[in-house]
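Participant: After the structure tokens below, expect a handful of questions from me.
The values are calculated or read from the model by the stated rules, or taken from the named source; none is laboratory data. Not measured: the values here are computed from a predicted model. Cβ sites come from the backbone with ideal geometry, for glycine too, and all protein chains shown count toward neighbours. When the accessible area is computed, the model is the full protein with side chains, heavy atoms only, and any ligands, DNA or RNA have been set aside. Shrake-Rupley method; radii C 1.70, N 1.55, O 1.52, S 1.80 Å.
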Amino acid sequence: MGELFCEIIVESSPKGNNRLCGDVTEKMRNNIGSVFILADGLGSGLKAHLSAQFYLSHFMELIRSGYSLRKSFSSLIHTIEKAKKSNNPVAFLSAVRILTDGLGVALLYDMPPVILIYGGKATVLNGITHSFYDAIVNEISFSLKKDEGLLILSDGITMSGIGRENPEGWRIEKIARYVNELLDNGVKIEKLPGEILKESKRLWNYEPKDDLTVALIKCRRSKIVNMLTGAPADKSSDDQVVQRFVNKKGLKIICGATTAKITARVLGKELYLDDNDENDITPPGYYLDGIGLVTEGAVTLNQLYNIWGEDLDKLNINNPVTQLYAYLSVADKINLYWGRAKNPAEGDIVFKQKGILDRDKIIPLLIEKFRSEDKIVCVEEY
């Protein structure tokens, strides 16, 4: 089946005329999957926003520190329950983790159930309840495949129309039926959050009495790029590193002439210089059978950094730097194989005079760029 990537689409609107929404969301990705959390601060406006942001940040800090989803959630609920007793600000939470194989779990603290989208249909998922300290938490296990998704809602959505069209609010079963109507009428899954939010506002007579948030987590096939740059520090590991690189699923890219020569030798193939490249600005490219793109090293990586964020339509696609940018910009996941052998050429004074950073400096900067665009970056150093 291959790895799945979770596309996350969020639509929010604050209560009434508030400028800040009391619903706050955040996501985190790593090599094993994605985590998404929706925090609904009690009340509305600045106070609710700050409360939601505080608890959300605390939760994500626990996750980044290596705590499991359940342990992080449990710790946070304990903190919130203590805050309740002290009349301090509180928030309510929905936390979801989905692995790259599609297996997922949702933990809900005083939040509406989630809606699963599969086979072109919407189904409400009601899990099992647990007691976390003095709180009741709903735990839901599920599995997603390509083009399937999960809808997560704040209670501003499920309370829509209360006392008007929906005396008891827009109950989750009614929302699921509405979603099924949309799907039956050909509405794309990616458009569901916007359509649900729009209908919620209508039910509130366009004067919502609570903050509104709809989030969709949709799975699709992950676009993976594997990039090998730099020779291994230990020459005896050349074969191991190259074989690990070429056996990885996804597009293969090599940045560095020396790295390309090592790969060609290990694979028993010929490395060719691209004689058709007449560009005077970027370094030349190479050709190696079985590898999607082969470029020069440090200079190319520096130029990649300099053009990152530019509109591809404005760039000449017929050069290695732009091609490298095109491939990496659409990647969901970048597996970076970083050889740490010192390249004497990178210490040349001419490189410094031209402002060319060596790999030790430019690669961390590029990783920062990649991650800022919500890409999963897995680094292996050799």
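Participant: With (1) modelled with pLDDT under 95; (2) within 25 Å of the chain's Cα centre (by Cα); (3) more than 19 Å from residue 30 (Cα to Cα) as the list, and residue 126 as the residue in question, which single condition is left unmet?
Facilitator: Exception for residue 126: condition (2).
Participant: A follow-up question, please. If I filter region 158-188 down to residues being over 25 Å from the mean Cα position of the chain (by Cα) and among the basic types (Lys, Arg), which single residue comes out as least open to solvent (accessible area, probe 1.4 Å)?
Facilitator: 174
Participant: Could you please give the count of residues in region 238-276 that are closer than 18 Å to residue 335 by Cα and small (Gly, Ala, Ser)?
Facilitator: Adding up the residues that qualify gives 3.
Participant: When you go through (1) of a type outside the set (Asp, Glu); (2) more than 27 Å from residue 6 (Cβ to Cβ); (3) open to solvent by 60 Å² or more (accessible area, probe 1.4 Å) one by one for residue 371, which number turns out not to apply?
Facilitator: With (1) of a type outside the set (Asp, Glu); (2) more than 27 Å from residue 6 (Cβ to Cβ); (3) open to solvent by 60 Å² or more (accessible area, probe 1.4 Å) applied to residue 371, the lone miss is (2).
Participant: Got at least one residue in region 206-221 being of a type in the set (A, V, I, L, M), surrounded by fewer than 17 Cβ atoms within 10 Å (Cβ to Cβ) and not in a helix (DSSP H, G or I)?
Facilitator: The answer is no; no qualifying residue exists.
Participant: Okay, next question. Of all the residues that make up region 100-133, how many are open to solvent by 30 Å² or more (accessible area, probe 1.4 Å), in contact with a helix residue (DSSP H, G or I) (Cβ under 9 Å, 6 or more places away or on another chain) and within 15 Å of residue 145 (Cβ to Cβ)?
Facilitator: So the answer is 3.
Participant: Every residue in region 134-152 that is part of a loop (DSSP other than H, G, I, E, B), modelled with pLDDT of 95 or more and open to solvent by 60 Å² or more (accessible area, probe 1.4 Å), please.
Facilitator: 145, 146, 147
Participant: Report yes if some residue within region 159-167 is on the phi > 0 side of the Ramachandran plot and without any contact (Cβ under 8 Å) to a residue 24 or more places away in the chain; otherwise report no.
Facilitator: yes
Participant: Does region 347-355 contain any residue that is modelled with pLDDT of 95 or more and in a loop (DSSP other than H, G, I, E, B)?
Facilitator: No, the conditions are met nowhere in region 347-355.
Participant: For region 305-340, which residues satisfy the criterion of being open to solvent by 40 Å² or more (accessible area, probe 1.4 Å), over 27 Å from residue 3 (Cα atoms) and not in a helix (DSSP H, G or I)?
Facilitator: 310, 311, 315, 316, 317, 318, 340
Participant: Being of a type in the set (D, E, K, R), out of contact with any Leu (no Cβ under 9 Å at 6 or more places or on another chain), open to solvent by less than 70 Å² (accessible area, probe 1.4 Å) and over 15 Å from residue 218 (Cβ atoms) is the requirement here; does residue 155 meet it?
Facilitator: Judged against the criteria, residue 155 is a match.
Participant: What pairs can you find where one residue is in region 144-158 and more than 20 Å from residue 120 (Cβ to Cβ), the other is surrounded by fewer than 22 Cβ atoms within 10 Å (Cβ to Cβ), and their Cβ atoms are less than 7 Å apart, with a gap of 6+ or different chains?
Facilitator: If the second residue must be surrounded by fewer than 22 Cβ atoms within 10 Å (Cβ to Cβ), the pairs left are 158/169; 158/171; 158/172.
Participant: Shifting gears a bit: What are the residues in region 312-346 that are modelled with pLDDT of 95 or more and of a type in the set (Asp, Glu), if any?
Facilitator: The one that is modelled with pLDDT of 95 or more and of a type in the set (Asp, Glu): 332.
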